[in-house]
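Data block below; observations after.
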Amino acid sequence: MRFPLLLTLQALWASVCQTMQHYPAAWGHYDVCKSQVYTDEGLTWDYMACQPEAMDMTKYLKVTVDPPNITCGDPPETYCALENPYMCNNECDAQNEDLAHPPELMFDFEGRNPTTFWQSSSWKKYPRALLVNITLSWKKTIELTDDIVVTFESGRPEQMVLEKSLDYGKTWQPYQFYATDCLDAFTMEHKTVQDLTQHTLLDIICTEEYSRGYVWKNAKTVRFEIKDRFALFAGPHLHNMASLYGQLDTTKNLRDFFTITDLRVRLLRPATGATMVDENNLSRYFYAISDIKVQGRCKCNLHANSCVFDKEKLNCECEHNTTGPDCGRCKRNYQGRTWSAGSYLPIPKGTANTCIPSNIGPVTRVCDNELLRCQNGGVCLNNLRCQCTPAYTGLLCEKPRCESELGSCGGPNSGQAALSSTSLPTLLLLGWMLLRGASY
């Protein structure tokens, strides 16, 4: 009694799994690189575009502050509050752990009391400019997924530039300029991200939105808006990510805009809180940063869903027979066709563009999306085969699966028709009834 029941449940489960293929999970994550599927040839792999989850990238960076002696505390120094020149009780001493403010404190756990922060030496060499470069390096290509946010413990700088590099710091390009007066500081008009459109998204702008003085002392953050730029394609609440992924897939300049290997914060003029600098109390003017947030994912060219930190470096765990730090080339003996990055399209699974063995000879193009289209809802996989819907078979899914069975397609004797018309809830209910009957 038990054995026939098990066979029945096994067949029922197979039907449920087949039915569930028509109800895919919400698209957009691309977190699976491959899955096993049943085809006419038996169990085989179905390859999909995939990418790692977004994460806090500040856990994996190296920070450099230039010039090297610009961090406060050597020699020890006392600072005054910007808004109150007579409140001079803030000390910085590099030899005292409780009073030191090294660069690492920009990336420690936020929420501690008192707040921890990096701090520069004061503007004691005024009128010479107080210039500081803070460079964040990953030794890895990463893709930004959320806003870059710099939180200042001092007043926000009156002039600042955020820069990016795509070649590990060899060359730099500006991301955005910040100033209390854009025209005076950079000969640029003041703009905000809300002034950008789909056609001007790549424009480099100067904004005065984040550079106000001590009157706005409670506003501490300076932001580079990634999500607002995403929203130009994906909508205000990023509901239409399909549109964004389509643009990233087909527009290299747009994809490169959100891709970096290094970031650099160039601090050009500290907050002064007034039109004139008080030369009698220069210890009021300095930079102090309590936190920098950078959210992103390893760039793996849609050939990996995992990225590991090993030997002080991030590396993609490549799939699809690819290799390299960014999965940017085919593995040895898998160079049967030119390497290509994966594609977000067609949604929801994208195209894996797997590397294929070198020794199988010329690849025959079985299907494509132009002339050799898969029929009856079939999907072309890497131009090598059609993945047919359950009701069809054949090279291009041109033959009803029930053609060779007893009875005509959809006829009263067609088991296939009966199966396809059975809903998922009905199948689950039938399984429950069988289990309950077996228990008596």
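Kindly establish whether residue 271 is in contact (Cβ under 8 Å) with a residue 12 or more places away in the chain, aliphatic (A, V, I, L, M) and in contact with a strand residue (DSSP E or B) (Cβ under 6 Å, 6 or more places away or on another chain). For residue 271, the condition - in contact (Cβ under 8 Å) with a residue 12 or more places away in the chain, aliphatic (A, V, I, L, M) and in contact with a strand residue (DSSP E or B) (Cβ under 6 Å, 6 or more places away or on another chain) - is not met. When residue 115 is tested against (1) surrounded by 12 or more Cβ atoms within 10 Å (Cβ to Cβ); (2) part of a loop (DSSP other than H, G, I, E, B); (3) free of Cβ contacts under 8 Å to residues at least 12 places away in the same chain, exactly one condition is not met: (3). Number of residues in segment 91-112 that are in contact with a strand residue (DSSP E or B) (Cβ under 9 Å, 6 or more places away or on another chain) and without any contact (Cβ under 8 Å) to a residue 24 or more places away in the chain equals 4.
Residue count for segment 293-341, restricted to those that are farther than 24 Å from residue 58 by Cβ, touching a Lys or Arg at 6+ places or on another chain (Cβ under 9 Å) and touching a residue at least 40 places away in the same chain (Cβ under 8 Å): 2. Checking each residue in segment 221-240 for being more than 18 Å from residue 143 (Cβ to Cβ), surrounded by fewer than 19 Cβ atoms within 10 Å (Cβ to Cβ) and of a type outside the set (S, T, N, Q) picks out 235, 236, 237, 239. The strands (runs of 3 or more DSSP E) found wholly in segment 132-189 and carrying at least 3 residues that are hydrophobic (A, V, I, L, M, F, W, C) occupy 132-144, 148-152, 159-165. Restricted to segment 60-98, and to residues there that are within 16 Å of residue 283 (Cβ to Cβ) and among the acidic types (Asp, Glu), the residue that is farthest from the chain's Cα centre (by Cα) is 77.
If I filter segment 152-180 down to residues being open to solvent by less than 30 Å² (accessible area, probe 1.4 Å) and among the polar types (S, T, N, Q), which single residue comes out as nearest to residue 292 (Cα to Cα)? Among those that are open to solvent by less than 30 Å² (accessible area, probe 1.4 Å) and among the polar types (S, T, N, Q), it is 154.
The values are calculated or read from the model by the stated rules, or taken from the named source; none is laboratory data. Fair warning: this is a prediction, and the values are worked out from it, not measured in the lab. Neighbour counts are summed over all protein chains in view; Cβ atoms, including those assigned to glycine, are modelled from backbone coordinates with ideal geometry. Calculation scope for accessible area: heavy atoms of the full protein, side chains included, ligands and nucleic acids excluded. Shrake-Rupley method; radii C 1.70, N 1.55, O 1.52, S 1.80 Å.
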